[in-house]
Structure formats: structure tokens, C-alpha cells
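The values are calculated or read from the model by the stated rules, or taken from the named source; none is laboratory data. The model shown is predicted, which means the values in this text are computed figures rather than measured ones. Here the Cβ positions follow ideal geometry from the backbone for every residue, glycine too, while neighbour counts run over all protein chains shown. Quick note on the areas: whole protein, heavy atoms, side chains included, nothing else; ligands and nucleic acids left out. Shrake-Rupley method; radii C 1.70, N 1.55, O 1.52, S 1.80 Å.
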Amino acid sequence: MTKKKKALEEQAVAAEPVAVAIGEATGTDQLKASLEEIKGYEGVIGYILRNSTSAAIDLKDPSKLIEYAILSSSALEAGEELSEIFNLGQVKNILVEGKEVKVLSLTVDDNKISIFAEKNADLEKVLKKLGQF
Amino acid sequence: MNLNEIYTTALNNVLDEMRKVCPDIQHAFVYNQSGEIIAGSADTPQKVMARVVDAFDDIFERAEAIGGVEAVTLNGSMGTVKLYNFNGHYFIMVYSAKADVGYVDTIVRVLVPTVLKVLEKLSPTPLKNEIPPPQPKQLPMEDSTATGIPTEVPVEELKLELEEAKPPPAPEPEPFHEPLPPIEVPAVQLIVENIGGLLVPSDTVRVDSETLANWENAFEGKKIEYVEIETFDGKTARYKVKPIKDSKYAGKGIVQIPEKAQLALEIKKGELVKVKPVIE
């Protein structure tokens, strides 16, 4: 009985990382592929994808990379804070519209995504694309 | 009715009308670049407003890279928060999930700039923590925070009211030869921020150098060494005051208060307090 239980535990321990690794790789890879496609949409100037293990950044103007990364992070944090204050439930997305650029930030599982676009760009298509995750 | 009251009344009326048009607006308030709450519905507590101002402030600080913030929309599963920046007046609206956000958005973008334009035309004085020049007569301390029930004043009547409120042309000021009577300077509302670093004196707070300069001008160049801080719970205390060192807090409507003082006043970072100079 004890031996059988131990064997099951070992099996579970051995199976778990494989499943998680495959799941994560597939999900994040699909997300990256979608973001690459989104980057080609009219008016989109780049994206930042971050999770606990990696980050992918693709911006047409890399000189603003750090500022954009900090803004993206601040927007997501503010979104969480505001949602808590007003009891808005799960944050779907936060859109920060600047005078030149707008930023759409959202979280998909462990992945924090920010899409940067020109002020007049239509982000509906982007939301639709990311909505599948 | 002074100019700030006229602004507050007009903006409260706008918020009121918005809520009539869209009953799904749960909270609505307006604040300015100094973080001062100008108008707001009575059912939104001051502390909540202060937290919201603080949360958006983090975005504003980092938004230079996108040319400053014009609007922010947070979509949650149970509602939406929207911030509109109309020339330094920040309108916050919180909608329930069933609200027709697009409809309200259109109304806000048409109605609010129109009202603000009318107000600007009536009085080009920007709505901010401005210190009036010293008056020989003692003025009552004013609190521009509007959390009470807004007075019903149609916008059309504002012009008339403003004209009534306008003081008669001031005669040429005469130099004072007698000692000045005590001058009451209105308190400014500032957001509490921590003071970082080692060996922070617990009896000294830091205020924007511009605010200090305004106070000093109001007191004819007299150096402001002390301020009185009043919390919204009514606790008051006097502290030494120095200008804020950190340039990132300049012009943000911040008062940096040491941790011990925050504990004594039972306040914390992000809350609003009233600060006024003390002249001895």
C-alpha cells in the first residue's frame, strides 16, 4: 500500500513539470505569435510581454523602451489598485491614452502584455485577437 | 460666492446631470493638477478619492513618454473606471458593468469642455490652490472640497452670479504703517507622501517650494518656518517646514511627512490633508 502510494507520488512529481512546461511554452509561444501579428496592424508601434520567467519587447523606437516598460507596469498596478478600490472584479484591461501614443495593458494568465499604438489607432481588432487567450 | 465656489458648483452640477443621464455612474468626482478635489458626489468618501488620485498619479508620473495622459480607461469584469483630462481638470467616472460607456463618453467629451470653456471665459483664474493677496480684512478659511449636496445652479445663471460675486474695483493699496493684523491664508489640500532616507527629522515636513513661495509672497516675503497640518478626521499638529528636495514631487500637490508624524496624525501615504502656514 505504502509502496504503491509512493510510486504514485513519484509519478505525479515526475509528470507535473513536463505538463506545466509544455503548457506554458505553448501558451506563451501562441501569445508571442499573436503579438507578432498584432505588431503588423495599422498604427501599432510595438509590444511588451512579460511573465515571471521571461520578457519579450518589440518596439519600433527602442529609445523609449525603459519609459514604456515602466509606464506599462505602472498602468497594470494602478488598474489592480483601482479595481480593488471600486470592487470592479477582475481587471480586463487598462487603456492609457496619451497625446501621442496610447497603451493597452492586460494580463493573460501569468503574462503581462502592453500594446503601444499611435493615438488614432483602432485597438478593437487587437482586443479581439487577444480575447482568444 | 467666490470663484472657486462657482467652479465647484458648476462642476457639481455637471456631475449631477451626468448621473441623471446615466444612473449607472456609481461615483464621479473632479480634481486638479495639485490633487485637490474640486467637486464630487457625496457618496464617494474623501479617503477613496485620495487613493484614486494617488493611483492615477503613478501613471501620470510615467506618462511623459507618451506625451502626457489624455484619458485612462480601466475595464473590469464588474465595471469601468474612466479618467478624462480636460486641460488639467481630471474627471473620474466609475460605471457599473451595464452602463453604456460609449454614450456617456460622448456626453462627457461634449458637455465638460463646454462648461469649462464657459467658466474660463467668465473667470480666467485657473482653479488651483492659489493664495490670494493679503487683505486688510480677515477672510474666513475656505475649504473648496465639495462633498456635500451640490447646490442647484443652472450654468446659464453663473455669469450673473459671477458678476454679483465680483468685488468692486479695488482702490490703490496704501502702504501699511501699522503692524499687520493677522492674515488668514486658506489651507491647501495636499497628498501625503513619505520622506525617504536616513536621519529624517520627525518634526519637519516638506512642501513644494512653489507653495512656500506663494505663502511667503502672501505674507510679504516673511519666511514660512512652520505649517499646521489638519487631517480630515480633525487632527491638527504643527511642524517645521522645508521645501521638497526631490524634483519628481515638484508641482504634484504633495506634502512629505515623516513616518512618526503620520502615525501621530493617523494618516498614511496617499491621503489628503490640509496644510496652512503659521506666522508667529
Item checked: Count of residues meeting criterion [among the β-branched types (V, I, T), in contact (Cβ under 8 Å) with a residue 60 or more places away in the chain and open to solvent by 20 Å² or more (accessible area, probe 1.4 Å)] in the range A:29-61 -> 1
Notebook entry, point to check: What number of residues within the range B:77-104 satisfy the criterion of being within 10 Å of another protein chain (Cβ to nearest Cβ) and in contact with a Gly (Cβ under 9 Å, 6 or more places away or on another chain)?
Noted result: 10
Next item on the list: Only residues in the range B:46-72 that are more than 7 Å from chain A (Cβ to nearest Cβ) count as the first member; pair them with residues that are among the aromatic types (F, W, Y), Cβ under 6 angstrom, at least 6 apart or cross-chain, and list the lot.
Entry: B:Q46/B:F232; B:M49/B:F29; B:V53/B:Y31
Notebook entry, point to check: Which of (1) within 14 Å of chain A (Cβ to nearest Cβ); (2) surrounded by fewer than 22 Cβ atoms within 10 Å (Cβ to Cβ); (3) not aromatic (F, W, Y) does B:T114 not meet, given it meets every other one?
Noted result: (1)
Notebook entry, point to check: Is at least one residue of the range A:113-124 within 11 Å of chain B (Cβ to nearest Cβ), among the aliphatic types (A, V, I, L, M) and closer than 30 Å to B:Q46 by Cα?
Noted result: no
Check: Regarding A:K32, is this residue among the charged types (D, E, K, R), more than 17 Å from B:D58 (Cβ to Cβ) and facing chain B (nearest Cβ under 9 Å)?
Finding: no
Note to self: Restricting to the range A:84-114, count the residues that are more than 26 Å from B:F86 (Cβ to Cβ) and either without any contact (Cβ under 8 Å) to a residue 24 or more places away in the chain or among the β-branched types (V, I, T) (or both).
What the structure shows: 7
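Out of the range B:17-40, which residues are open to solvent by 20 Å² or more (accessible area, probe 1.4 Å) and out of contact with any Ser or Thr (no Cβ under 8 Å at 6 or more places or on another chain)? Full working, then the answer.
Going residue by residue through the range B:17-40, those that are open to solvent by 20 Å² or more (accessible area, probe 1.4 Å) are B:17, B:19-21, B:23-24, B:26-27, B:33-34.
Scanning the range B:17-40 gives B:E17, B:K20, B:V21, B:P23, B:Q33, B:S34.
Inside the range A:63-121, can you point out the residues that are assigned to a strand (DSSP E or B) and of a type in the set (G, A, S)? If you could, list the steps in order and put the result at the bottom.
First pass over the range A:63-121, keeping only residues assigned to a strand (DSSP E or B): A:91-98, A:101-108, A:111-118.
Of everything in the range A:63-121, those that are assigned to a strand (DSSP E or B) and of a type in the set (G, A, S) turn out to be A:G98, A:S105, A:S114, A:A117.
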Margin query: For the range A:82-92, check the following and say yes or no: at least one residue is over 13 Å from B:G76 (Cβ atoms), touching a strand residue (DSSP E or B) at 6+ places or on another chain (Cβ under 6 Å) and open to solvent by 60 Å² or more (accessible area, probe 1.4 Å).
Written below: no
Notebook entry, point to check: Across the range A:62-80, what is the number of residues that are at the interface with chain B (Cβ under 7 Å from one of its Cβ atoms), crowded, with 18+ Cβ neighbours inside 10 Å and of a type outside the set (S, T, N, Q)?
Noted result: 6
Next item on the list: Look at B:E178 and say whether it is more than 17 Å from B:K260 (Cβ to Cβ), open to solvent by 50 Å² or more (accessible area, probe 1.4 Å) and modelled with pLDDT under 85.
Entry: yes
Note to self: Against the conditions (1) of a type in the set (A, V, I, L, M, F, W, C); (2) at pLDDT below 90; (3) farther than 30 Å from B:I92 by Cα, where does A:L35 fall short? Just the number, please.
What the structure shows: (2)
Note to self: Restricting to the range A:85-105, name every residue that is touching a Lys or Arg at 6+ places or on another chain (Cβ under 9 Å) and under 17 Å from B:F56 (Cα atoms).
What the structure shows: A:I85, A:L95, A:V96, A:E97, A:G98, A:K99, A:K102, A:S105
Note to self: If A:E84 meets every condition in (1) within 17 Å of A:I38 (Cβ to Cβ); (2) more than 8 Å from chain B (Cβ to nearest Cβ) apart from one, which number is that one?
What the structure shows: (1)
Next item on the list: Pick out, from the range B:204-280, the strands (runs of 3 or more DSSP E) lying fully within it that include 1 or more residues that are surrounded by 15 or more Cβ atoms within 10 Å (Cβ to Cβ) and in contact with a Pro (Cβ under 9 Å, 6 or more places away or on another chain).
Entry: B:204-207, B:226-231, B:236-243, B:272-278
